[in-house]
1. Checking residue 45 against (1) in contact (Cβ under 8 Å) with a residue 12 or more places away in the chain; (2) part of a strand (DSSP E or B); (3) surrounded by 11 or more Cβ atoms within 10 Å (Cβ to Cβ), which single condition isn't satisfied?
2. Of the conditions (1) modelled with pLDDT of 95 or more; (2) surrounded by 10 or more Cβ atoms within 10 Å (Cβ to Cβ); (3) over 10 Å from the mean Cα position of the chain (by Cα), residue 36 clears all except one; give me its number.
3. Take residue 7 and tell me if it is modelled with pLDDT under 95 and either in contact with a helix residue (DSSP H, G or I) (Cβ under 8 Å, 6 or more places away or on another chain) or within 18 Å of residue 65 (Cα to Cα) (or both).
4. Can you confirm whether residue 65 is in contact with a strand residue (DSSP E or B) (Cβ under 7 Å, 6 or more places away or on another chain) and at pLDDT below 95?
5. In segment 24-41, which residue that is in contact (Cβ under 8 Å) with a residue 24 or more places away in the chain and part of a helix (DSSP H, G or I) is nearest to residue 52 (Cα to Cα)?
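The values are calculated or read from the model by the stated rules, or taken from the named source; none is laboratory data. Note that the structure is predicted; figures quoted are calculated from it, not measured. Cβ: placed from backbone, ideal geometry, glycine included. Neighbour counts: every protein chain shown.
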């Protein structure tokens, strides 16, 4: 039996602004771009009194993503 496991990387982005809140179109664009890069949203967190949300996503670490992350 091997001790192999799936490694993950995570991403957190704050969306919205105090004055305009979270615009559905902006959020949809971000999520579609992330989806094309292999990210899956796993959670959101409302930032109270700020009209913002944190979007948390994950994707498997692969050779392709490992190389991209190591590039400046």
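1. (1)
2. So the condition that residue 36 fails would be (2).
3. yes
4. yes
5. Looking at residues that are in contact (Cβ under 8 Å) with a residue 24 or more places away in the chain and part of a helix (DSSP H, G or I), I get 27.
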